Each structure stands twice: as structure tokens, then as C-alpha cells.
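What follows is calculated from the coordinates using simple rules that are stated; it is not laboratory data. Please read these numbers as outputs of a predicted model, since none were measured by experiment. Cβ coordinates were reconstructed from backbone atoms using ideal geometry, including for glycine residues, and neighbour counts include every protein chain displayed.
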Amino acid sequence: MEKKITCVLCGREIGKAVEMHHLIPKSEGGRVTVPLHPICHRKVHALFNEKELAKHYATIEALRSVEEIRRFVAWLRGKPPDFYRKTEPKGGRGRKR
């Protein structure tokens, strides 16, 4: 029987694709990784640069304390394990011309 993997950010089961997130980025000396959905991983990196992650958000609890992450996790609730949508860059979409 295959062991189910859970995303440590949103708490949902991970489907076919899993990405390993360095709590402290490798560029900042980090080694510890945790499993995330690709969409969750993209959201984290869309919001924070590597120095911010290392200095302020090196734990899942710190990431979950951010209001935008909490809203994102609430939005994901109930979505299937392989759900994916392109992550908007920090600040949202650009204006349409």
C-alpha cells in the first residue's frame, strides 16, 4: 500500500506531483526540506524572496502566520490533490490594456 503524502502548508493530500521546499533556501545554507503541492510551493516563492524566507519564514508556522497564505490555504480547501492554477506574482495581476 502506497503511503499518502500531505502538504505541510495546506494540509491536503498530495497527488501525483510533489515538490520539496527548503525551509531555509539552499542559497542561504538550508538543508531541511518539506513536501508541498506545486501550487503551494509557487505561492510561497511568489510572496517571498530567499532572504525573507531565511530570515522571517523558515518554519511552516511562520509561513502560515501570513494573512495572504491563510487566505490562499482557505481558498484551496476542498480542491483535489492535483489542482493547479498559475500563481499570480506578488501584487496580483497587471492591468489589462
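Scan (i) 49, 37, 21; (ii) 44, 33, 17; (iii) 50, 29, 23 for the value of Cα extents along the principal axes in Å calculated from this model and give just the label.
(i)
So what are the ³J(HN,Hα) numbers for the range 46-57, from phi and the Karplus equation (6.51, -1.76, 1.60; θ = phi - 60°), rounded to whole Hz, Gly and Pro as x?
Values, residue by residue: 6, 8, 10, 8, 5, 5, 5, 4, 5, 7, 10, 10 Hz.
How much length is gained if the chain between E52 and T6 is pulled fully straight, taking 0.36 nm per residue apart and subtracting their Cα-Cα distance, in nm to one decimal?
Gain in length upon complete extension: 14.1 nm.
Please compare each pair in K55/K79; K51/K86; K3/K79; K4/K43; K43/K79; K16/K43 to a cut-off of 26 Å on the Cα-Cα distance and tell me which ones are over it.
With Cα atoms farther than 26 Å apart: K55/K79.
Under the rule of at least 5 residues apart or a separate chain, name every residue whose amide H is placed under 5 Å from the amide H of T6.
I14
What's the longest bit of the chain with no exposed chymotrypsin sites (Phe, Trp or Tyr not before Pro), using DSSP loop states and at most 13 other Cβ atoms within 10 Å as the test?
By the stated rule (loop sites, at most 13 other Cβ atoms within 10 Å), 1-82.
Only sites in a loop by DSSP and with at most 13 other Cβ atoms within 10 Å count here; which trypsin sites (Lys or Arg not before Pro) in the range 28-63 make the cut?
Those that pass, being in a loop and sparsely packed, are R31.
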